[in-house]
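What follows is a short report on a single structure.
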């Protein structure tokens, strides 16, 4: 067998493997690992609630030669409404809507908010065999007043917290960096017990509002804020309603916000979708990290000797004059 023939066979197998690796269904939108917020073009006026809300179109790339129909799930819950037909009407056996392969923009996600969302699509052939699937995870940030009407504000106050070594271990940051960064900021944590109405469902709920204010002692530093909530208090990030451009470090949950060149106090607010106890609020930790911490320390180390020079000279001159004046009196 010639080398030329072997190379031809290998090229053929390579081409076949690439062809077979082509996806039958791919999610184009929403985008994976993206946070959609009030700054996004998905956040527009929604007549039903008379306020702004996310309206995120699901867009797909589908191989219509192989896919006969597909199903969509959001956070493991099937999307059951499309084209004016409920899933239970279209497919009463399992109440899951079967979308035809030529429907590449099947649904718009709008309604009660969850912070973390996983959209999954499953493609089937004509014999109803699963042939492919795809999934993306994305996050939603909102203006809380757009989704919830505050009916009553109850107890509110300010409450402290203590950072422990096990808290620092969760964010994988060295203790020295945390200690140096802490010197650059003042942190205030406030809480409010609220009764709210969900504008989408009309149901009343008890919320705990958390407000964290970070004030830079030295304006112009960069800031990364980690917010830790023990799992026994909040099991998953989807029990929270978040504002601003956050990052989920761990859905159990640890959140992160980043700000560059902080010149004035930053305020972050979110809701826990239940009423917490005071001792539980105490366990919510805010840890500030700054890349400027080492720089600030180096500057202080440099300035301290410089500042000490005039102090020492002033003391020497004052002591010398005092001695001279004391001798004249004698």
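Okay, here's what the table says:
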quantity	calculated
Which numbered condition residue 142 misses (of (1) surrounded by 14 or more Cβ atoms within 10 Å (Cβ to Cβ); (2) over 30 Å from residue 56 (Cβ atoms))	(2)
Members of the range 26-53 that are in a strand (DSSP E or B) and within 16 Å of the chain's Cα centre (by Cα)	35, 36
Sole residue being surrounded by fewer than 17 Cβ atoms within 10 Å (Cβ to Cβ) and under 16 Å from residue 267 (Cβ atoms), chosen from 205, 188, 217	188
Qualifying residues in the range 44-55 (those that are touching a strand residue (DSSP E or B) at 6+ places or on another chain (Cβ under 6 Å) and in contact (Cβ under 8 Å) with a residue 60 or more places away in the chain) - the one surrounded by the fewest Cβ atoms within 10 Å (Cβ to Cβ)	52
Residues (without any contact (Cβ under 8 Å) to a residue 12 or more places away in the chain and within 30 Å of residue 129 (Cβ to Cβ)) located in the range 19-43	19, 20, 21
Which numbered condition residue 113 fails, given (1) assigned by TED's automatic domain parsing to the domain that holds residue 262; (2) modelled with pLDDT under 95	(1)
Check on residue 226, farther than 20 Å from residue 39 by Cβ and surrounded by 19 or more Cβ atoms within 10 Å (Cβ to Cβ)	yes
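The values are calculated or read from the model by the stated rules, or taken from the named source; none is laboratory data. For clarity, every value in this text was computed on a predicted model and none was experimentally measured. Neighbour counts are summed over all protein chains in view; Cβ atoms, including those assigned to glycine, are modelled from backbone coordinates with ideal geometry.
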